[in-house]
Number of protein chains: 2
Amino acid sequence: MSKKNIALDRLTTIQNHISNQPQPTGPIDLSRERENASFSVKHMNWLFWGNKEFAEALQDAYLIIQRDPDLYFPGGHPFDLTIPEQREFTMKQIFRYRQLRKSLKNPLLLKALALAMCMYSESFNMKIYVHDDLFLQSFQLFGTAEQYDAYIDDILNWKIIGCFAMTELGHGSFLRGLETTATYDRETDEFIIHSPTLTATKVWIGMAGQTATHTIAICQTIIDGKKCGTNWFIVQLRDKKTGKLMPGVTAGDLGAKYGRNGLDNGWIQFSHIRIPRTNMMMKWAKVTKEGKYIPSINPAISYSTLIGERLSVLGTAISTCGQMLTIACRYGCVRRQGANDEQIMEYQSHHVRLMPCVASTYVIGIVNRMIINKWEGIMKLTQTNQEEFVSYLPDMHAISSGLKATLTWWGCEVLERVRRSMGGYAYSSYNNIGGAIGDWGVVTTGGGDNFVLIQQTARYLLGSLKQVSQGKKITGTVEFLNDIQQILSFTKSTLSDERQLLNLDYTLEIYTWLLTGEEERWNDNQVYLIKLGELYSYRFTLSEYIIGIKGYSTISQFKELVPILNKLGNLWAIHLIHDSLGLFLEEGYFNGEQAKMIKKCYLKLCKEIRKECIPLVDSWGFPDFILKAPLGKYDGDVYPAFLNTIKAAPDCIGVPSYWEKYIKNLTNPK
Amino acid sequence: MSKKNIALDRLTTIQNHISNQPQPTGPIDLSRERENASFSVKHMNWLFWGNKEFAEALQDAYLIIQRDPDLYFPGGHPFDLTIPEQREFTMKQIFRYRQLRKSLKNPLLLKALALAMCMYSESFNMKIYVHDDLFLQSFQLFGTAEQYDAYIDDILNWKIIGCFAMTELGHGSFLRGLETTATYDRETDEFIIHSPTLTATKVWIGMAGQTATHTIAICQTIIDGKKCGTNWFIVQLRDKKTGKLMPGVTAGDLGAKYGRNGLDNGWIQFSHIRIPRTNMMMKWAKVTKEGKYIPSINPAISYSTLIGERLSVLGTAISTCGQMLTIACRYGCVRRQGANDEQIMEYQSHHVRLMPCVASTYVIGIVNRMIINKWEGIMKLTQTNQEEFVSYLPDMHAISSGLKATLTWWGCEVLERVRRSMGGYAYSSYNNIGGAIGDWGVVTTGGGDNFVLIQQTARYLLGSLKQVSQGKKITGTVEFLNDIQQILSFTKSTLSDERQLLNLDYTLEIYTWLLTGEEERWNDNQVYLIKLGELYSYRFTLSEYIIGIKGYSTISQFKELVPILNKLGNLWAIHLIHDSLGLFLEEGYFNGEQAKMIKKCYLKLCKEIRKECIPLVDSWGFPDFILKAPLGKYDGDVYPAFLNTIKAAPDCIGVPSYWEKYIKNLTNPK
């Protein structure tokens, strides 16, 4: 190159640097966004996680995880682990977590550590959940005092590792169709546990694949050749020392999955396994030594652990949707595009899709704590007042099923909106969106298929409506139906001013109207029944949220947060109404003008909340290492972070091992 | 065990076998379903793939793949391959495929083999597509005769492997914002290709990660310090022999992705690379030796390869949605659940979700061939009538963008419906649903972000409306707007009888009304603009399908298929109207009664088509090995197949390697 050329080249470079090289605008953008907050992010963080103490313990727990080489993903590349590596790493985390629990005595910190780890890894979450909740709760809810005492120490210390065997290959939602049998042998005072067919194979059982030593399994109890009912039985699966399968147990791993690959979902076949009669869970139904079957006061109790399981999904929704929305909102405020190089979050099509999701995460966060508290209170009744406990079950079954179905479907929608809002970058595993979608995938079917659950919920509501029409007074989450006459006294909406839409009690009334109107329509067919179940469940989130906010307005730290919480509630309410506009119009409740007013208000609220979207997602307080997405970094300096992450991946640069064999033979044929 | 016990045990087993053990009902179910066909599956298969000859060649191609150990996934477990293994295997398939092309001379069979391989593997599809279409077409569309002649032999024989470098880290959709520069050095008659910033890094470039030797890259052309326009330049990336990066090229692999992990998406940074001036693609814009820039007659030509890329997604939609719907429909007819042990496909909530998807796959299949034929005809004009070629671009850009955006969004919906219809079994990688969703994930953003594209489409439509309102006659896919006065002469629907809804011309008119009405609403805001773009694109699928069917009614083999094709079209039309009911009601076009009539008709059509759903999916003719899903097997004997697949996975049964380290220390603490 001539000297002149070199000079020209240099000049061009310098020109490029001066004229083209953009300064990293992300950090500036995000700090400007942060100035928009109308509220204290710190106080909102306390409110979101319950209170100051727990929010601070959570921060502490994040620190512990990040410092511990056994808990923290090595090298920050969890997405490059193979499935066997993920399995081993998750079990290593659990082992370390168990050790830590013994050294950290502070109960608040322990609770925070559990939550933080579950938010860090869905596979960890499910493994811990299966043993510490499903398995343990089964002993609390179904076991006699003797059974509880005999097992509790081993369970609490993970000296046995338990799983929960319900679903079979041929039957999921229809539990009465389960095929696994427990046949009583009076002679030896034993049950014989058996999978009589291929379709009786228990499947999808979390931790049955490689790690569980024990299971409780639901079986058809057979005495003298007659089916008496479905009950739970304790069966050992593996030798506690060697890990080898017990005689009569065939169990294996379900292999590669769409998500949660650190969890060993498995399958189990029982072949004539003999267990003592006392391995049947006998708090409710019993079998005597003589082979007499004493039924439970209510067979629904057998499935009451599932109420907790369904409600637990709300926590997963907060964690997953909250994390993904944090990434999407930050990236949306950093990414610039178009002729004026605008932040893409400024585009209406962008923020209109994301802001209702942000609002919903606040609603679910607050409602979740309220309903979990309620259920924990009810569970305590099993020790004090069994009849009262049983009386709560239908209502709790209905609302937990409804919430689980609607909010997991909504979660799919949230994640899909996030995915699309990230442009092509959601396609990189290193931004965690694909991983989160995969992990989330199971929740619409696990713990009961949504389509089945939501119809059960709707039928409960229709039954309650019937009771009201017969003049009965009802309680529980359907209590509002007692006022049905008043609700239905309107056949057309009174909406005439946009400001009415910003009154939460008013929008709740509108939504309630749609739900209660025209009972016969709902009975008409399955598609409408599903819609009814959805309306009821969504209505519950709104009505509880209103109660929740009212509570906060009496707490001095949180009082100042009520205006923004109200606005988030408004958006959620109008989102719900907007989503059912077709139905309202069909029923003649709204006219076209009112519908347009609602749409306008919807767009306006999204735009207003967009202004505070960064403080709103910051308030959830997810650290970068939990988010695992360079494009969602707190500081906004996203592009170097993304490229550095890529470059640190194995074999990023270099000639691939297959070059000689397949490429060179094409490009340099002999 | 006492003798009596053994006897009891045996008796129980026998009883279980007699009373409980279900016969495998799947094969019986599916053969009964197949008896429901009102049409010849064989003839429908010919129609769907174009004609008898091609449909048969496709069957032949499936055979070839299945017999060839280099093309066929080893052991039937593609889902257990690691990412490096997937990369190598995909390149091995390409190598073998190149060899086969040389030995198989029959052009029809070669075309069928290409399609079959692309349907077999999306990673293979994308690699082949990048080189054989994007790279090759760039030479055809942008290259001079000399450039074409210089490279064509090497391209056709894969002696060079090419990729297509457009997207940058900082700019995707807004191409004028691209930062990579090509600075002309008059002295040496060279361009200097350079990435001046981090955000100028080319990203997501298919095959740039590990395998491409060359790229064409779009750059800002700079002459005498002035930006002249964006143009394409040929740059060598790797040494053809060693695979090592050329000096000045930094390129690497983007690593783990949500899907298509056999494809090496990569990133590229150029550092002052000198290329001869003649490496600029100069069919349209030119730079003379003197450094004079002669602009293109239309800068849109630079992006005309993207029209083909966007249309190609329709083919992927047919393959992906068709395969997944085959699996879902077969499983839905085999799976039994509920108190009467009914096929789940009998449930309204089930078939109402799947049948519109089946109908849409037929519509897209037929419309795809029509539009591809049209575009191939237009492309030939580049050799004969460049001005006419250019005149087609705006319309083709608008409709290809609109179809790409709407049909990829719809594809997401189809796959999500499939996923939910499989209960928990979609969660197993071995049923391919998760893999298909992952592979599909890129299409909503790749080839142009849908939100950006659909707005361009809508603006084109609004421009066309403006022309019509000025009294101009317009042509192309917006030609129907010429009749706008007649369309808008109705302000309320004339619908009074359900049978009207079964007339495709009538439902097309309804849909057209919504699209043309109230121009000012569409201008109002971005959210409505997106809706407008969708309506226009969906309307096109319906109007083209109607033309398509009319053509089939004149072909003797296919005449008998017209009734079922009509019914599928009816469902698609009513699905489209049903989906926009809210908007129709808001505009006062339909009243509540008419809306209810439409819903009723929708449910009824779904139920009718459900009766033939198995013959309808069988007609697509996807062999089991292409589907890769034991639960979607043709013979319906799904449960043993599923469990056998699981059992054949690595490490299905056995003590995991981490037992000693992490589990035994919990269950047997020292």
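The values are calculated or read from the model by the stated rules, or taken from the named source; none is laboratory data. Nothing here was measured: the structure is a model prediction, and the numbers come from that model. Methodologically, a virtual Cβ is constructed for each residue, glycine included, from the backbone with ideal geometry; neighbour enumeration extends over all protein chains shown. The area values use the complete protein model at the heavy-atom level, side chains included, leaving out ligands, DNA and RNA. Shrake-Rupley method; radii C 1.70, N 1.55, O 1.52, S 1.80 Å.
For B:Val363, the accessible area of its heavy atoms, probed at 1.4 Å with every protein chain present, is near 0 square angstrom. Counting Cβ atoms of other protein chains within 10 Å of each Cβ in B:238-246 and taking the mean gives 4.
Given the options B:Tyr425, B:Phe191, B:Ile437, identify the residue whose Cα lies farthest towards the positive end of the charge dipole of chain B (+1 on Cβ of Lys, Arg; -1 on Cβ of Asp, Glu). The residue sitting most towards the positive pole is B:Tyr425. In this simple spin-label model, placing a label point 7 Å from the Cα along the Cα-to-Cβ direction at both B:Lys111 and B:Asp497 gives a separation of 4.5 nm. Within a straight-line Cα-Cα reach of under 22 Å, A:Lys604 can be paired with the following lysines, leaving aside sequence neighbours fewer than 8 residues apart in one chain: A:Lys567, A:Lys596, B:Lys531.
Treating the beta-carbon of each Lys and Arg as +1 and of each Asp and Glu as -1, no other charges, what is the dipole magnitude of region A:227-349 about its Cα centre, to the nearest 20 debye?
Dipole magnitude for region A:227-349 comes out near 920 debye.
When both region A:544-608 and region B:176-226 are represented by their alpha-carbon centers, they are found 50 Å apart. The phi torsions of region B:391-406, fed into the Karplus equation with coefficients 6.51, -1.76 and 1.60 and a -60° offset, translate into couplings of 5, 7, 4, x, 5, 5, 4, 5, 6, 5, 5, x, 5, 4, 5, 5 Hz, rounded to whole numbers, with Gly and Pro shown as x. Specify the inter-centroid distance of region B:346-397 and region B:486-500, based on alpha-carbon positions, in whole Å. After rounding, the separation between the Cα centres reads 28 Å. Close amide H contacts of A:Val287 (hydrogens built in the peptide plane, cut-off under 5 Å, sequence separation of 5 or more or a different chain): A:Ile294.
With contacts taken as Cα pairs under 8 Å and at least 6 residues apart, region B:161-296 reaches a relative contact order of 27 percent.
Shown is the FRET efficiency for B:Gln99 and B:Lys611, computed with R0 = 41 Å from the Cβ-Cβ distance and rounded to the nearest 0.05: 0.35.
Per residue, what accessible area does region A:548-607 have, given a 1.4 Å probe and all protein chains present, in Å²?
Accessible area per residue, region A:548-607: 36 Å².
Over region B:306-618, what is the relative contact order in percent, taking alpha-carbon pairs closer than 8 angstrom and at least six residues apart? Computed value for region B:306-618: 25 percent relative contact order. Of all lysines in the structure, those lying under 23 Å Cα to Cα from A:Lys286, and not within fewer than 8 positions of it along the same chain, are A:Lys226, A:Lys227, A:Lys380. Per residue, region A:25-120 exposes an accessible area of 46 Å² to a 1.4 Å probe, with every protein chain left in place. Close amide H pairs (under 5 Å, H built 1.01 Å from N) link A:Leu237 with A:His214, A:Thr215, residues at least 5 positions away or on another chain.
Accessible surface computed residue by residue for region A:446-532, with neighbouring protein chains in place and a 1.4 Å probe, gives 48 Å² per residue. Using a probe radius of 1.4 angstrom, the carbon and sulfur fraction of the accessible surface of the protein assembly as shown is 53%.
Between copies, B:Asn36 shows label-point distances of 5.2 nm, shortest first, with the point placed 7 angstrom from Cα along Cα to C-beta. For region B:629-640, putting each phi into the Karplus relation 6.51 cos²θ - 1.76 cosθ + 1.60 with θ = phi - 60° gives couplings of 10, x, 6, x, 4, 4, 7, x, 8, 8, 5, x Hz, in residue order, rounded to whole numbers and with x for Gly and Pro. Dipole check for chain B: with +1 at the C-beta of Lys and Arg, -1 at the C-beta of Asp and Glu, and the Cα centre as origin, the magnitude is about 1200 Debye. In region B:600-646, the residues that give up 10 Å² or more of accessible area when the other protein chains are added, compared with the chain on its own (1.4 Å probe), are B:Leu603, B:Tyr639, B:Pro640, B:Phe642, B:Leu643, B:Ile646.
Solvent-accessible surface, computed for protein heavy atoms with a probe of 1.4 Å, shrinks by 50 Å² or more for the following residues of region A:396-426 when the other protein chains are added to the isolated chain: A:Arg419, A:Arg420, A:Tyr425. The contact between chain B and chain A removes approximately 12300 Å² from the accessible area (both sides summed; 1.4 Å probe; ligands, DNA and RNA excluded). In sequence order, region A:297-306 has phi-based couplings of 5, 7, x, 4, 4, 4, 10, 5, 4, 5 Hz under the Karplus curve 6.51 cos²θ - 1.76 cosθ + 1.60, θ = phi - 60°, and Gly or Pro positions carry x. Bridgeable lysines around B:Lys670 (alpha carbons under 16 Å apart, same-chain partners fewer than 8 residues away excluded): A:Lys102, A:Lys159, A:Lys240, A:Lys241, B:Lys661. You can think of it this way: the chain between B:Glu593 and B:Asp635 has 10.7 nm of extra reach, that is 0.36 nm per residue less the Cα-Cα gap. When you restrict to C-alpha pairs under 8 Å that are six or more residues apart and normalise by the size of chain B, the relative contact order lands at 16 percent.
The dipole here belongs to the protein assembly as shown: it is taken about the Cα centre, uses +1 on the Cβ of Lys and Arg and -1 on the Cβ of Asp and Glu, and is about 1880 debye. Dipole of region B:82-208 computed with +1 at Lys/Arg Cβ and -1 at Asp/Glu Cβ about the Cα centre; of B:Leu134, B:Met91, B:Tyr148, farthest Cα towards the positive end is B:Met91. In the protein assembly as shown, the calculated helix contribution to ellipticity at 222 nm averages -17500 deg cm²/dmol per residue, counting -39,500 (n - 2.57) for every DSSP H run with n ≥ 4. Rounded to the nearest 10 Å², what accessible area does A:Met324 have for a 1.4 Å probe in the complete protein model? About 0 Å², rounded to the nearest 10. A:Asp68 label point (Cα plus 7 Å toward Cβ) to equivalent points in the other copies: 5.3 nm, shortest first. B:Ala405 sits among other residues whose Cβ lies under 10 Å from its own Cβ, and their net charge, with Lys and Arg +1 and Asp and Glu -1, is 0. Ascending distances from the B:Ser469 label point to its copies in the other chains, with the point 7 Å along the Cα-to-beta-carbon line: 5.0 nm.
Using a cut-off of 14 Å between beta-carbons, work out the net charge of the residues near B:Thr201 (Lys and Arg +1, Asp and Glu -1, B:Thr201 not included).
Charge balance in the 14 Å sphere: -1.
The residue list A:Leu571, A:Met597, A:Thr645 was ranked by how far each Cα lies along the charge dipole of region A:530-670 toward its positive end, using unit charges on Cβ atoms, and A:Thr645 comes out on top. Using the Cβ-Cβ distance between B:Lys466 and A:Asp132 with R0 set to 41 Å, the FRET efficiency works out to roughly 0.05.
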